[in-house]
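What follows draws every value from the coordinates through simple rules; no lab data is involved. The model shown is predicted, which means the values in this text are computed figures rather than measured ones. A quick note on method: Cβ atoms are made from the backbone with ideal geometry, for glycine too, and the neighbour counts reach across all protein chains shown.
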Amino acid sequence: MAEARAVVELLDRIPDPVFVVGDDERVLLANTAASNWYGNDLTGQLIYAVFRQPEALECIRLARQFQTGFETRIFVIRNEITTWFEISAGSIFASDLGVEGVVIHLKDVSKHHDLDQLRREFVANVSHELRSPLTSFSGIIETLKGQTWDDGETREKFLGLMESETRRMTRLVNDLLSLSKVETEERVRPTNEVDIVAIIRNSMDSALNMASSLGTKMTLNSSSESIRVPGDRFQLAQVANNLIENALKYGKRDSEIVLSCNLLRSAPGFDGAVAEFEVRDQSDGIEEFHILRLTERFYRVDKQRSRAVDGTGLGLAIVKHIVNRHRGKLAISSEIGVGSRFAVFLPACEESIGER
């Protein structure tokens, strides 16, 4: 009896749930972590009353039958939260301690499971995005191999489609490379000082032709001629470009986009001065339940419209990771029928306050 208590005290030092099941399929020992998950008074209970998942019971049965180790995964739902466990089961023979049977160890692998799920979804999304233009290419090439090559009007039509699909795939690949690069660099904070106002002006100038074609007016309001922040000039230009392009693509024709850049002496969650860059559009707006997911990879509010405007579904994911790298914050709000607001907050250089 004393030996069993000593074993229990030893098992209690293990933070993961651990059980020992005897040959009669009843729990011999269970540590505190196991009791926290499966309830008190586990000793003496049939293993079928503890584990309801067939995978877990089969893993335990195999460990007992073949006297070797087996593993499987199960999930447990508690308080509407799903936790994934990796179960390891193996035989234990310690007659001197009064312990013989199967020892079962549960390891919380929820984070790894979530990452695996994200990876699978990412691969599926990329495959889907590439399959569509490749299918178009296949059909166009097959058609052009026939008599239609001699038809100048039809030939030009199909070549135009190929150009459009090539541009779409190129944009997707470039966005994937940008996302991969910024994720790799996310933990390394930029140290160079750049002028965020100048970056926004350059991005605005680059988008003037697109704005003109849509009849959209763009204005920039800034509290200072120059606001300096520690940052990567190229990546912050990506942020400005993506937010301005989104406002143009999803805003109403013949509307107005208002950009602003202000120096704040303080802001919640920041120590010191903050540069606030904001883009406001006049659009149909975004329903609230979409907003929390906008920065997910390949998430689209309206998939058909996104593809129609050459959207890859990666722009805001890139913005989020760049802002994170700069130790900033991204805030999104929207009002149905009025428009949306995308605001980026970045730590500013202290000398910017003196220049204000």
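Against the chain, whose longest principal axis is taken from its Cα atoms, helix 54-66 shows a tilt of about 50°.
Positive end of the dipole of the chain (Cβ unit charges, origin at the Cα centre): among 248, 345, 179, the Cα lying farthest that way belongs to 248. Available extension along the chain between residue 341 and residue 183 is 54.4 nm, counting 0.36 nm per residue and deducting the alpha carbon span.
Close amide H contacts of residue 217 (hydrogens built in the peptide plane, cut-off under 5 Å, sequence separation of 5 or more or a different chain): 255, 256, 257. Considering only 230, 190, 15, give the residue with the highest GNM mean-square fluctuation for the chain, with springs between Cα atoms whenever their separation is below 10 Å. Judging by the Gaussian network model, the answer is 15. Only helical runs count toward this figure. For the chain, summing -39,500 (n - 2.57) over DSSP H runs of n ≥ 4 and dividing by all residues gives -14500 deg cm²/dmol at 222 nm.
Counting beta carbons within 10 Å around each of 23, 16 and listing the fewest first gives the order 23, 16. So what's the angle, to the nearest 10 degrees on a 0 to 90 scale, between helix 2-11 and the longest Cα principal axis of the chain? Taking Cα atoms only, the helix is inclined about 10 degrees.
When percent of Cα pairs over 37 Å apart is calculated directly from the model, which label among (1) 47; (2) 32; (3) 11 fits? It is the one labelled (1). A full extension of the chain between residue 287 and residue 43 corresponds to an added length of 82.7 nm, given 0.36 nm per residue minus the alpha carbon distance. Here the extension length gained between residue 32 and residue 77 equals 14.3 nm, from 0.36 nm per residue of separation less the Cα-Cα distance.
Placing +1 on the Cβ of every Lys and Arg and -1 on the Cβ of every Asp and Glu, with no other charges, gives the chain a dipole of roughly 680 debye about its Cα centre. Helix 233-250 and the longest principal axis of the C-alpha atoms of the chain enclose an angle of approximately 80°. Using the Cβ-Cβ distance between residue 265 and residue 154 with R0 set to 41 Å, the FRET efficiency from 1/(1 + (r/R0)^6) comes to roughly 0.05. Remark: spin-label model distance residue 143-residue 23 equals 7.5 nm, labels positioned 7 Å along the Cα→Cβ axis. Of all the options 271, 205, 24, the one that moves most in a Gaussian network model of the chain with Cα springs shorter than 10 angstrom is 24.
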